[in-house]
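To keep things clear, I will list the structure first and then write my remarks on it.
Readers should treat all values here as calculations from the given coordinates under stated rules, not as data from a laboratory. Owing to the predicted nature of the structure, the values given are computational and were not obtained by experimental measurement. Don't worry about glycine lacking a Cβ; one is built from the backbone with ideal geometry, like all the others, and counts go over all protein chains shown.
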Amino acid sequence: MLELKNVTKRFGGLVAVNNVDLLIKPGEIVGLIGPNGAGKTTLVNCISGFHKIDSGTIKLNENDITNKSVDFISNQGIRRTFQIEKSFKELTVLENIACGLISKNKHLKENMDKAKEVAELFGLNNQNNVSAKNLTIQTRKRLELARAYAIHPRIIILDEVMAGCTDYEIDEVLEIIKRMASESISVIIIEHIMKAIMSISEKIVVLNEGKKIAEGLPSEISNNPRVIEAYLGEELVV
Amino acid sequence: MIRENILKDRTFLIFLILGLMVPFFIKGYALKVAIMIILWGIAAYGWDVISGHGGQLSLGQAAFFAIGAYSVNIAYLSFGIPSLIGIIIGIVFSAIIALAIGLVVLRLRGPYFTLCTLAVGEILRTLLIYFKGFTGGAVGLSFPYQEHSFISMQYTYDYPYYYLGFVMLIIAIITSTVIKNSSFGLKLAAIRNDCDAAESVGINLMMTKSKAFIIAAMITSMSGSFYAIFMNYIDPGTVCGFGLSVQILLIALVGGRRTKWGPLLGAAILIPITELTNAYFGHIRSGLPMLVYSIILIFVVLYASEGIVNIFSKRFAKPIKEEI
């Protein structure tokens, strides 16, 4: 269970995340939406340790992980993907996935074997020995997802993992997310594709100008006047 | 990255046998050049650990080269410690200094790290000049001449130096290959590709980079000690100059980073070129050897930017099936 209390992050005079509370249960899929600059990526950067927060607390299963280092938080079971994908370009698909495992297991051979299993789960197995630099952006994003999933973390944060995907590819990613949730992995998704995020999320959190302006079921959020005004617009049809 | 076991590698075993036989076939000046190739090859393998495998461009390897060189000389001249033990003292001392410096400079990324390593080399050079009681200052230190002394590793013929260097070279090659084929090597590869992503998969950047920096320092120190033993004379300008750091870097770049044979091949190409350009162009005009050397380097960078060893490996490698 991930618990955020009064999390605030400032960049000089700009309050990028303002007093945000959040509770995520095991296996829950939480959609994080909001206009550009709302603080979505900053918030997940705070959770994953890339940004140190100015006030508030972040707890994972009652353990305080506030302002701990990125690798510590990652090893506690919070893994993430990046808005601009960051696969290891020189490394092959298997090596990329094995990188997701080395902090837990030092045996390279075992990690490579496990990586093969994960590659198969993510439909990457016919490209096992291809360098990441030779993959399409969408495949690289899936590879990043596989790398994050490899250790079977408690929480996976997906930052616009579906951007640029075709409808077919979006459906594939949604299937993967559902499978993760069924394995008790909590998923936080930042996404601008409303059709996808509204259909898969059990809970939606809306940020605007760093503040949480709404939280609830997708059906409640799509009818919330504040959310409509700040982000969705009048014409949204889910 | 192809996983391999160096002890089962036929090329390596052939190299080992041929390498041991070299002093039976070449003598005099040619053997001296072979020793210089080994010496600079070792230093380049050291640089390759942090800058090739780890992707952290260091311009301060001369500092560790100097620590190795001065440790041997000071241990023998001031305390009468045999040179072989002096080499080990140099290695340990380099590891400690690398740990201390690494705690500061490895927090930095990219050009900031590079500039700091450059400064480390220059600071040490200044210190070596300043503490003249120990280091001989700008004049440097020289071994008093003794005939065939195992204690100070002085011989009137060259093959003992060759074998001492060859053992060090084998240690450097094995270290580099083991790193490349280990989990540690994969961590370094991840850091080299993307620090943020590496951290996000739980890799401790400081710990991993520090280990690489220390191993690099230890290998470079070994080459510095070997230099001091072979040359019998060291001074701050020669063993701790910026030029030396660049030379080490160039050898690894020209040969091929992160490859088993690259640094040695780089030394085997650049050292003879230096010798030949000095021999043939040195008397015509000062600076001409450097000009010829530079032109050759430009061609290498243009036509073999990934290192000369990769031209061979691409030509002879089995095609790897890449299904896209």
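Between the stretch B:2-42 and the stretch B:69-134, how many Å separate their Cα centres?
First find each Cα centre; the distance between them is then 28 Å.
Over the alpha-carbon set of the protein assembly as shown, divide Rg by the Kirkwood Rh and report the Rg/Rh ratio to two decimals.
Value, to two decimals: 1.08.
What's the average, rounded to a whole number, of partner chain beta-carbon atoms within 10 Å of each residue's beta-carbon in A:44-54?
Mean number of neighbouring Cβ atoms from other chains: 1.
Using the scaling law 2.2 N^0.38 Å as the reference, what is the normalised Cα Rg of chain A?
1.00
Once you list every other residue whose beta carbon is under 13 Å from the beta carbon of B:Tyr162, what net charge do they have if Lys and Arg are +1 and Asp and Glu are -1? If you can, show how the numbers build up before the last one.
On the way: positive: B:Lys27, B:Lys32; negative: B:Asp158.
In short, +1.
How shielded is A:63-76 by partner chains, expressed as the average number of their Cβ atoms within 10 Å of its Cβ atoms? Provide the component values of the computation, followed by the final result.
Numbers: counts 0, 0, 0, 0, 0, 0, 4, 10, 11, 3, 3, 7, 4, 1.
Going residue by residue through A:63-76 and averaging, the value is 3.
Could you pull out the trypsin sites (Lys or Arg not before Pro) across the stretch B:175-277 that fall in loop regions by DSSP (anything but H, G, I, E, B) with no more than 10 other Cβ atoms inside 10 Å?
The qualifying sites: there are none.
Which whole-angstrom value gives the distance between the alpha carbon centres of the stretch A:42-78 and the stretch B:167-242?
For the stretch A:42-78 versus the stretch B:167-242, the Cα centre distance is 32 Å.
When you look at the Cβ of every residue in A:94-102, what mean number of other chain Cβ atoms sits within 10 Å? Show your work: numbers first, answer last.
Details: counts 1, 5, 6, 1, 5, 13, 6, 4, 11.
The per-residue average across the peptide is 6.
Mind checking which of B:Ile87, B:Ile171, B:Ile14 has the largest fluctuation in a GNM of chain B, springs on alpha carbons under 10 Å?
B:Ile14
At 222 nm, what helix-only mean residue ellipticity would chain B give, in deg cm²/dmol to the nearest 500, using -39500 (n - 2.57) for each DSSP H run of four or more?
Here the helix-only value at 222 nm equals -23500 deg cm²/dmol.
Where the Cα atoms of the stretch A:25-144 are projected onto their three principal axes, how long is each span, largest first, in whole Å?
45, 34, 26
Using only the alpha carbons of the stretch B:132-240, determine the length spanned along each of the three principal axes and report them from longest to shortest in whole angstroms.
Rounded to whole Å, the extents work out to 58, 32, 18 Å.
Largest first and in whole Å, give the semi-axes of the stretch A:91-200's equivalent ellipsoid, each being the square root of 5 times a Cα gyration tensor eigenvalue.
Rounded to whole Å, the semi-axes are 24, 16, 11.
For every other residue with a beta carbon closer than 12 angstrom to the beta carbon of A:Ala38, add +1 if it is Lys or Arg and -1 if Asp or Glu, then tell me the sum.
Result for the neighbourhood of A:Ala38: +2.
Out of the stretch B:147-192, which chymotrypsin sites (Phe, Trp or Tyr not before Pro) are coil in DSSP terms and have no more than 13 other C-beta atoms within 10 Å?
B:Phe150, B:Tyr157
Of the peptides B:285-291, B:243-249, A:93-99, A:143-149, how do they stack up when ordered by the mean number of other Cβ atoms within 10 Å, highest first?
Ranked from most to least packed, the peptides come out as A:93-99, A:143-149, B:243-249, B:285-291.
Out of the stretch A:164-238, which GluC sites (Glu not before Pro) are coil in DSSP terms and have no more than 12 other C-beta atoms within 10 Å?
A:Glu183, A:Glu234, A:Glu235
Rg (Å, one decimal) plus Dmax (Å, integer) for the alpha carbons of the stretch B:189-324?
Cα radius of gyration and Dmax of the stretch B:189-324 are 18.7, 58 Å respectively.
Using alpha-carbon pairs under 8 Å, 6+ residues apart, how would you state the relative contact order of the stretch B:2-240 in percent?
40 percent.
Residue by residue, what Karplus-based ³J(HN,Hα) values in Hz, rounded to whole numbers, does the stretch B:242-256 have, using 6.51, -1.76 and 1.60 with θ = phi - 60° and x for Gly and Pro?
4, x, 5, 4, 5, 4, 4, 4, 4, 4, 5, 5, 5, x, x
What does the charge count near B:Phe113 come to, summing +1 for each Lys or Arg and -1 for each Asp or Glu among other residues with Cβ under 13 Å from its Cβ?
Result for the local shell: +4.
Work out the P(r) tail for the stretch B:2-240: percent of alpha carbon pairs separated by more than 24 Å, whole number.
47
If you line up the Cα atoms of the stretch B:62-186 on their principal axes, what length do they span on each, largest first, in Å?
49, 39, 20
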